Amino acid sequence: QVHLVESGGGLVQAGGSLRLSCAASGSIFDDYPMGWYRQAPGKQREMVAQITSNGGTKIGDSVKGRFTVSRDNAKNTVYLQMNTVKPEDTAVYYCWALTRSGPNWGQGTQVTVSQ
């Protein structure tokens, strides 16, 4: 089991940037893939970005070319760099980690993009 705590959400203007952080504890950090999902009101949760234990990444089509994911194993932290944000990026962003016991989720952080 791993405990995930997100930070960095907030209000940002369209075209701006934001960086989310997710601090992990409770398990060997560099052993498992991690990433970010988001859920907007009335919509299903969707994958935003994933990163494997050795740094391989997968980016969702809706954010490709604008968002990047990275991890710092020394700090037990994964990041989501959000550039050129759009109003449709408004959602609750959840940190995710896939351990041997299954998926783990953070509590979520709200990101709101204004026009």
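The values are calculated or read from the model by the stated rules, or taken from the named source; none is laboratory data. A quick note: this is a predicted structure, and the numbers were derived from the prediction, not measured. Cβ sites come from the backbone with ideal geometry, for glycine too, and all protein chains shown count toward neighbours. Please note that ligands, DNA and RNA were not included when accessible areas were found on the heavy atoms of the full protein model with its side chains. Shrake-Rupley method; radii C 1.70, N 1.55, O 1.52, S 1.80 Å.
Given +1 on the Cβ of Lys and Arg, -1 on the Cβ of Asp and Glu, and no further charges, what dipole in debye does region 1-72 carry about its Cα centre, rounded to the nearest 20?
Working: 8 positive and 6 negative charges, 64 e Å.
About 300 debye.
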### Summary
Per its Cα gyration tensor (rounded if a/c is under 1.5, else prolate when a/b beats b/c, else oblate), region 47-92 is best filed as prolate
### Query
If you roll a 1.4 Å probe over the chain with all protein chains in place, what percent of the accessible area is carbon or sulfur?
48
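Determine the gain in length on full extension of the stretch E46-R66; use 0.36 nm per residue of separation and subtract their C-alpha separation, reporting nm with one decimal.
Numbers: separation 20, 0.36 × 20 = 7.20 nm, distance 1.61 nm.
Roughly 5.6 nm would be gained on extension.
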### Message
Pairs of alpha-carbon atoms within less than 8 angstrom and 6+ residues apart define the contacts here; what relative contact order does the chain have, in percent?
### Response
37
### Query
Amide H to amide H under 5 Å from G108: which residues, 5+ apart in sequence or cross-chain, H placed 1.01 Å off N in plane?
E6, C95
### Message
Need one number: nm distance between label points at Q110 and L98, each 7 Å from Cα along Cα→Cβ, rounded to one decimal.
### Response
3.1
#### Entry: Karplus-derived HN-Hα couplings along region 75-83 (A = 6.51, B = -1.76, C = 1.60, θ = phi - 60°), whole Hz, x at Gly and Pro
9, 6, 9, 10, 10, 10, 8, 10, 10
### Candidate aspartates and glutamates - alpha carbon under 17 Å from K86, same-chain residues fewer than 8 apart omitted
E46, D61
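If the chain between V5 and K86 were fully stretched, how many nm would it gain, using 0.36 nm times the residue separation less the Cα-Cα distance? Mind dumping the intermediate values first?
Values: separation 81, 0.36 × 81 = 29.16 nm, distance 2.44 nm.
Contour length minus the Cα-Cα distance gives 26.7 nm.
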### Query
At each listed q (0.22 Å⁻¹), what is the log10 of I(q)/I(0) that the Debye formula gives for the chain modelled as equal alpha-carbon point scatterers?
-1.22
